[in-house]
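J.: Got a structure for you, questions after.
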Amino acid sequence: MAQKEEAAEASAPASQNGEELENLDDPEKLKELIQLPPFEIVTGERLPVNYFKFQFRNVEYSSGRNKTFLCYVIEVQDKGGQVQASRGYLEDEHATAHAEEAFFNKIVPTFDAALRYNVTWYVSSSPCVACADRIVKTLSKTKNLRLLILVGRLFMWEEPEIQAALKKLKEAGCRLRIMKPQDFEYIWQNFVEQEEGESKTFEPWEDIQENFLYYEEKLADILK
């Protein structure tokens, strides 16, 4: 079974950008936190190291992780048969539009109906019921889109409505799987800011493989 989150980490208050509230005696740090808008969809190419280490960690219980982080890769085949790729990430707060919905609102409208798109999402947790419904509806209307979703954790997987939503995703042709340690390393290399002086080598956290196997078994049971 996946290891439960350490008590200290679970009980620590989290700021609106997912960090623990610490070192607030630093005026610049405090100013940064105060100026952050509370519920905003954020877009970019690379996310900060601490966001990745906290939000993507594949623990069983996700206390304090009140965001969805969605890293995406878009591969498009043009009319000449050439494949071009682009990538970026979206993050949200679970109070307004989720990152999955933001992708469909911000990114998909730019797609050319005459081209074919293969999209891969690397998401910190699996979709909620509303987002799963939106994915199903979008895939049914956007025939030139194929979607693969890799998730770090399963969101409230014990709930029957969540299980039903995940099954609908599969039925709609959406491929869904749990991230392997190699997938977390891919995110680290391609979506995380490489800070000067920091090691650029991905360092797996304790129980990353065990937690992957735990969630993989749960998802297989749900989708069988």
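J.: Somewhere in region 189-201, is a residue in contact (Cβ under 8 Å) with a residue 40 or more places away in the chain, of a type in the set (A, V, I, L, M, F, W, C) and surrounded by 13 or more Cβ atoms within 10 Å (Cβ to Cβ)?
T.: yes
One line per residue, one yes/no per condition, for (1) within 24 Å of Ser86 (Cβ to Cβ); (2) touching a residue at least 60 places away in the same chain (Cβ under 8 Å):
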{"residue": "Asp112", "(1), (2)": "yes, no"}
{"residue": "Leu115", "(1), (2)": "yes, no"}
{"residue": "Ala130", "(1), (2)": "no, no"}
{"residue": "Arg146", "(1), (2)": "yes, no"}
{"residue": "Leu154", "(1), (2)": "no, yes"}
{"residue": "Gln163", "(1), (2)": "no, no"}
{"residue": "Leu169", "(1), (2)": "yes, no"}
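One line per residue, one yes/no per condition, for (1) among the aromatic types (Phe, Trp, Tyr); (2) more than 27 Å from Lys218 (Cα to Cα); (3) under 12 Å from the mean Cα position of the chain (by Cα):
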| site | (1), (2), (3) |
| --- | --- |
| Val76 | no, yes, no |
| Asp92 | no, no, yes |
| Glu100 | no, no, yes |
| Ser125 | no, no, yes |
| Lys137 | no, no, no |
| Thr142 | no, yes, no |
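J.: Picking from Glu206, Glu216, Glu158, which residue would you name as being more than 17 Å from Phe54 (Cα to Cα) and modelled with pLDDT under 95?
T.: Glu158
J.: Let me ask something else about it. Could you say which residue among Arg153, Arg116, Arg146, Arg87 is under 19 Å from Phe52 (Cβ atoms), open to solvent by 60 Å² or more (accessible area, probe 1.4 Å) and among the basic types (Lys, Arg)?
T.: Arg87
J.: So, of the residues in region 69-89 that are among the polar types (S, T, N, Q) and touching a strand residue (DSSP E or B) at 6+ places or on another chain (Cβ under 6 Å), which turns out to be modelled with the lowest pLDDT?
T.: Per the stated criteria, the residue is Gln77.
J.: Going residue by residue through region 210-219, is there one that turns out to be open to solvent by less than 60 Å² (accessible area, probe 1.4 Å) and in a strand (DSSP E or B)?
T.: Checked region 210-219: no residue is open to solvent by less than 60 Å² (accessible area, probe 1.4 Å) and in a strand (DSSP E or B).
The values are calculated or read from the model by the stated rules, or taken from the named source; none is laboratory data. These numbers come from a predicted model, not from an experiment. Virtual Cβ from ideal backbone geometry, glycine too; neighbours counted across all protein chains shown. Accessible surface areas use protein heavy atoms only, side chains included; no ligands, DNA or RNA. Shrake-Rupley method; radii C 1.70, N 1.55, O 1.52, S 1.80 Å.
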